[in-house]
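Worksheet for the structure shown next.
The values are calculated or read from the model by the stated rules, or taken from the named source; none is laboratory data. Quick caveat, the model's predicted, so the values are computed rather than measured. Don't worry about glycine lacking a Cβ; one is built from the backbone with ideal geometry, like all the others, and counts go over all protein chains shown. Calculation scope for accessible area: heavy atoms of the full protein, side chains included, ligands and nucleic acids excluded. Shrake-Rupley method; radii C 1.70, N 1.55, O 1.52, S 1.80 Å.
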Amino acid sequence: MMLEDLPENPRILDVGCGSGMQTIELAKLSDGQIGALDNHEPFLEDLKLRAEKEGVSGNIRVVKGDMTNLSYEEGSFDLIWSEGSIFVIGFEKGLLEWRRLLTDKGYLVVSEMTWLRSDVPEEASAFMKQVYLGYPEIKTSEENIEIARNNGYRVIGFFVLPSKSWWDNYHTPIEAKLPAIKTKYKDDNEALQFIAFEEAEIDMFRKYSDYYGYVFYILQVE
C-alpha cells in the first residue's frame, strides 16, 4: 500500500473524472466519500448510472464544475485523484493550487503526458506540440518530479502506464471503427479532418511509444 497515511474512510476528489471508470474503482477500493468533478454533463450522467449499477452510488457525489476554479475549503480532502486531466490547468499550476485542498500528509495522484526519453525525434515533438497547442509543454518525469518537490510534495513513486493499455483501451477500438466512420462521413470535411487526426495520432504512437506516455505520479504533502 503506497498511501499508508490514508484514513479508513477517506475524503476523495476525482478531478476531471469523465465518465468515471476510475471513480467506481476508487469507491470500491477505499470505501471513501468521493466528489467526482467534471464540466461535461453527459459524462456525469453516465457516471451516475455506472455507480448505481455497481452499488457504490452512496459513495459518489457527482459535481459539475471547473477544475481551474475549485471552491472547496482548505484541507477538504485526504486524496485528490486526477487521471489524464491535469494538463488542462497545467502540471505545476495544478500541484500548486490543489495542495491547499489537501490535509496534512494528504495525497495527490495524477497522470500526465510525459517524455520518457530525452532524445525525442523531431516528428514526435512537433506532433505533440500540435496536440497540446495552447497548453503547457510536455516535460520529462525528472522535470515533473522536481516541480513536485519544489511545490511541497514528497514523491512516493511514479510509473509509466504500459503502452498495451493504450492499445487495448483506446487506439485499437478506435482504429477498428475508423473505416466505417470514414464511409459514413465521406462528404463531411470537418469529420474527415478529425478522422485524419485520429489516424495520425495512432500512427505516431505506433512509431514513437518508447518516447512518450502517461506517467502516474504518487505525491504526498510534506
- Which one of Y132, Y153, Y211 is open to solvent by less than 70 Å² (accessible area, probe 1.4 Å), touching a residue at least 24 places away in the same chain (Cβ under 8 Å), closer than 30 Å to G75 by Cβ and not polar (S, T, N, Q)? Y153
- Task: Could you grab me the full set of residues in the range 202-222 that are charged (D, E, K, R) and either touching a helix residue (DSSP H, G or I) at 6+ places or on another chain (Cβ under 7 Å) or at pLDDT 95 or above (or both)?
- Result: D203, R206, K207, D210
- Message: Whether any residue in the range 55-64 is within 27 Å of Y132 (Cβ to Cβ), surrounded by fewer than 20 Cβ atoms within 10 Å (Cβ to Cβ) and modelled with pLDDT of 95 or more is what I want to check.
- Response: yes
- Item | Hits in the range 156-175 - residues which are open to solvent by 80 Å² or more (accessible area, probe 1.4 Å) and at pLDDT 95 or above | F158, F159
- Item | Residue within the range 73-89 that is out of contact with any helix residue (DSSP H, G or I) (no Cβ under 6 Å at 6 or more places or on another chain), in contact (Cβ under 8 Å) with a residue 24 or more places away in the chain, in a helix (DSSP H, G or I) and under 28 Å from E222 (Cβ atoms) present | yes
- Item | Condition met for R117 (more than 22 Å from Q22 (Cβ to Cβ) and touching a residue at least 40 places away in the same chain (Cβ under 8 Å)) | yes
- Message: Give me the strands (runs of 3 or more DSSP E) completely within the range 1-68, filtered to those with at least 1 residues that are under 15 Å from the mean Cα position of the chain (by Cα) and free of Cβ contacts under 8 Å to residues at least 40 places away in the same chain, ordered by residue number.
- Response: 33-38
- In this structure, does L95 turn out to be surrounded by 20 or more Cβ atoms within 10 Å (Cβ to Cβ) and either at pLDDT 95 or above or in contact with a Pro (Cβ under 9 Å, 6 or more places away or on another chain) (or both)? yes
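So that you can scan it fast, the table gives a plain yes or no per residue for (1) among the hydroxyl-bearing types (S, T, Y); (2) under 18 Å from the mean Cα position of the chain (by Cα); (3) under 22 Å from I86 (Cβ atoms):
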| position | (1), (2), (3) |
| --- | --- |
| Y132 | yes, yes, yes |
| A148 | no, yes, yes |
| S163 | yes, yes, yes |
| T172 | yes, no, no |
- All helices (runs of 4 or more DSSP H) inside the range 120-222 with 1 or more residues being of a type in the set (V, I, T): 122-131, 141-150, 172-184, 189-208
